[in-house]
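Visitor: Pasting in a structure now, in structure tokens, and then I'll have a few things to ask.
The values are calculated or read from the model by the stated rules, or taken from the named source; none is laboratory data. Note that the coordinates shown come from a computational prediction; the quantities given were computed from them, not determined experimentally. All Cβ positions, glycine included, derive from the backbone under ideal geometry; neighbour counts span all protein chains shown. Surface areas here come from the heavy atoms of the whole protein model, side chains and all, with no ligands, DNA or RNA. Shrake-Rupley method; radii C 1.70, N 1.55, O 1.52, S 1.80 Å.
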Amino acid sequence: MRPTGRLHVGHLVGALGNWVPLQERYDCFYFVADWHALTSDFADTSQVTSYTYDNVADWIGAGLDPEKSTFFVQSLVPEHAELYLLLSMVVPVPWLERVPTYREQQENLKDKDLSSIGFLGYPLLQTADVAIYDARFVPVGEDQVAHLELAREVVRRFNNFFGDVLVEPQPLLTTFARLPGLDGDKKMSKSVGNTIHLSDTPDEVKKKVMSMYTDPKRVRADIPGTVEGNPVFVYHDAFNPDTLEVENLKARYRAGKVGDVEVKTKLANALNARLDPIRERRTALLANPGRLREILFDGSARARRVAAETLARVREAMKISYR
Ligand code: AMP
């Protein structure tokens, strides 16, 4: 995850919620991608480190466990940069120019200068991030599948030249697609500002839910409303475990027999019930910055040991290993 802002409930359903159960089945590595944050945000780096600590507090709040998984910071494992450099020798530039997000992001983020080598090379750095741990699986959403496909091609090309050195990673597709924004926009996103943060107070959550976009045609509570694609109901499905309550609200909404205030109040309650334990854990952790720092430094040292072994193998295979 890139430390470019506070985490929101989209991250909870689209990423963290999927990562937590993986810890029981796999030897997981989760990292704060601070170098990746620089690819788009190099002009203002003032908050990268504070977001790093804040995001990791959210991870732990959401149930990721540094005792079960390795947490690290990308820049504390500089081996990623060396592998990226070595891979860059064998990867043709057009492979990177063809990655769909390359042009898309340049079009979408017009206020940012995305003409750098760093931005072009971003999916290659991702390849190094994955390959350096011999990762077999990467938990990603649909939006990242093209990047992983590139990673697989890069690994195949590298292995073609230097032998069976790197492992081809497979996507482990996450189940939840995209959480829409409070404004009904396709995606809840920190760059749009249509978010509920994991760190929002119960009152802030309630206020945001009350201001949410619903069915615009429904100007009065007795007009039948549309449930499908209505963000208030998408959120109910994602966060309200009381399916009977949700089905009842949907039926009454379709029949024009419930007001927005009731639908939204029940949503705010469900969201706050889900966020309460997360907030509690993150607050406790942020009150103890020494512990948070220790988690990241210990995890980074552990990650570094694995990364150094892979890199030694790579140097050996490339015959640039000096003794
Ligand atoms: P970002 O912070 O936008 O770089 O997103 C990091 C990851 O979080 C993405 O690759 C997604 O898997 C997930 N994510 C971010 N926003 C959402 C959202 N609105 N709905 C679902 N998943 C999301």
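Visitor: Checking LEU38 against (1) more than 28 Å from GLU153 (Cβ to Cβ); (2) surrounded by 19 or more Cβ atoms within 10 Å (Cβ to Cβ): exactly one of these is not met. Which one?
Guide: (1)
Visitor: Is it the case that VAL32 is among the β-branched types (Val, Ile, Thr), within 13 Å of the ligand (Cβ to nearest atom) and touching a Ser or Thr at 6+ places or on another chain (Cβ under 6 Å)?
Guide: yes
Visitor: Quick check on VAL155: is it surrounded by fewer than 20 Cβ atoms within 10 Å (Cβ to Cβ), in contact with a strand residue (DSSP E or B) (Cβ under 8 Å, 6 or more places away or on another chain) and part of a helix (DSSP H, G or I)?
Guide: Here the answer is no, as VAL155 does not meet what is asked.
Visitor: Name the single residue, out of those in segment 282-315 being over 24 Å from GLN74 (Cβ atoms) and either charged (D, E, K, R) or open to solvent by 80 Å² or more (accessible area, probe 1.4 Å) (or both), that is farthest from the chain's Cα centre (by Cα).
Guide: ALA287
Residues checked against (1) farther than 27 Å from LEU22 by Cα; (2) touching a residue at least 40 places away in the same chain (Cβ under 8 Å); (3) within 16 Å of the ligand (Cβ to nearest atom):
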| residue | (1), (2), (3) |
| --- | --- |
| VAL154 | no, yes, no |
| VAL167 | no, no, no |
| THR174 | no, yes, yes |
| LEU182 | yes, yes, yes |
| SER189 | no, yes, yes |
| GLY193 | yes, no, yes |
| LYS206 | yes, yes, no |
| LYS217 | yes, no, no |
| THR226 | yes, no, no |
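Residue-wise test of (1) closer than 23 Å to ARG279 by Cα; (2) open to solvent by 50 Å² or more (accessible area, probe 1.4 Å).
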site: PHE42; (1), (2): no, yes
site: ALA57; (1), (2): yes, no
site: GLY61; (1), (2): yes, no
site: SER69; (1), (2): yes, no
site: SER75; (1), (2): no, no
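Visitor: Kindly indicate which of ALA146, ALA128 is away from the ligand (no atom under 14 Å from the Cβ), open to solvent by less than 50 Å² (accessible area, probe 1.4 Å), in contact with a helix residue (DSSP H, G or I) (Cβ under 7 Å, 6 or more places away or on another chain) and not β-branched (Val, Ile, Thr).
Guide: Unique residue meeting the criteria: ALA128.
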